[in-house]
Amino acid sequence: MKRLSGLQTYAILYLVFLYVPVLLLPLFSFNDGTIVAFPIKGWTLEWYRQLAGEATLLNSLVNSLIVGSVAALLSTSMGLFAARAFVRYQFTGKRFSEGIVMLPLVVPGIIVASSMLVLFISVGLRPSLTAVILGHTLLALPFSVSILKSAFDDFDISLEEAAFDLGSGVWETFRRVTLPIVVPGIVSSILVTFTVSFDEFVLAFFLSGNDPTLPVYIWSQIRFPAKLPNTLALGSLLLLASVLLLVVAELFRRRSSNKLV
């Protein structure tokens, strides 16, 4: 039997350290008791059944779906044109512009959230879902640009040149030649940015006001021990949904890369 190298052993231990706590979440969501500890008292689906009767939970879920959908569409729309400009053209301040777009990835979330709260209040925009959408669009934009840059990187520019030679205008070429080829990248961007927005807590906590998103609702529930089993069940469903979305996004990303080769 072949022995594992030091790097392989490290990778396995790292993955175990990273994902075992996450896997315990769905395990304890089926626990018949309210105490999160071994041994498990019994197995039940009661905590999942109770989720359907939580009106506040359903309202926060709707809020997260609205915010995630709008933020994903806005960030992908802006990211599409930004990625095309960064890949295709050379212009003054290009590197600086790319750095500004990627800045939300390295700035602490609480700094971004508090700054946006002050900014929005100063211009008369109270904490609301609109404020959360704007904040999540800023946060999701770097993810969108990164994904769409990879979609444009290997794009064959001769296809657009051929369309121009045949008399197509800029917008017609973009709509009929460029977009169909990068559609998998666009779909991948929408799915990833939706997931980023749906799972985000800090910005939503500062900007949501009286309309909490789902992560804010979950945070409000974990302070009460009696609500912990329901929170674990809800977290398990969110974990499953996030994994499915990311898998689909990766499939579209690979399809986009294969299409451009």
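Annotations for the structure displayed:
- Using the Cβ-Cβ distance between THR130 and PHE164 with R0 set to 41 Å, the FRET efficiency works out to roughly 0.50.
- Computed over the chain with a Gaussian network model linking Cα atoms closer than 10 Å, the most mobile of VAL22, VAL67, VAL216 is VAL22.
- With the simple model of a label 7 Å out from the Cα in the direction of the Cβ, ALA226 to ASP153 spans 5.4 nm.
- In terms of surrounding Cβ atoms within a 10 Å radius of their Cβ, ILE111, ILE190 rank from fewest to most as ILE111, ILE190.
- For the chain, built as a Gaussian network whose Cα springs stay under 10 Å, the top-fluctuating residue of ALA226, ALA140, ALA204: ALA226
- Cβ-Cβ FRET estimate between LEU24 and LEU58, R0 fixed at 30 Å, reported to 0.05: 0.70
- Computed label-point distance, nm, for sites LYS41 and LEU179 using a 7 Å Cα→Cβ extension: 5.6 nm
- Here the gap between LEU251 and ILE100, fully extended at 0.36 nm per residue and compared with their Cα-Cα distance, gives a gain of 51.5 nm.
- If you plug the beta carbon distance of THR92 and SER122 into 1/(1 + (r/R0)^6) with R0 = 41 Å, you get a FRET efficiency near 0.85.
- Correct choice for Cα extents along the principal axes in Å that was computed from the model, options [x] 55, 42, 33; [y] 72, 67, 32; [z] 71, 51, 39: [y]
- Mean sequence separation of contacting Cα pairs (under 8 Å, at least six apart), scaled by the length of the chain, corresponds to a relative contact order of 30 percent.
- Choice from LEU119, LEU51, LEU251 with maximal GNM fluctuation in the chain (Cα, 10 Å cutoff): LEU119
- Qualifying chymotrypsin sites (Phe, Trp or Tyr not before Pro) in segment 1-93, DSSP loop, other Cβ atoms within 10 Å at most 10: TYR89, PHE91
Bear in mind these aren't lab numbers, they're just calculated from the coordinates by the rules spelled out. As the structure is a computational prediction, the values presented were derived from the model and not from experiment. Don't worry about glycine lacking a Cβ; one is built from the backbone with ideal geometry, like all the others, and counts go over all protein chains shown.
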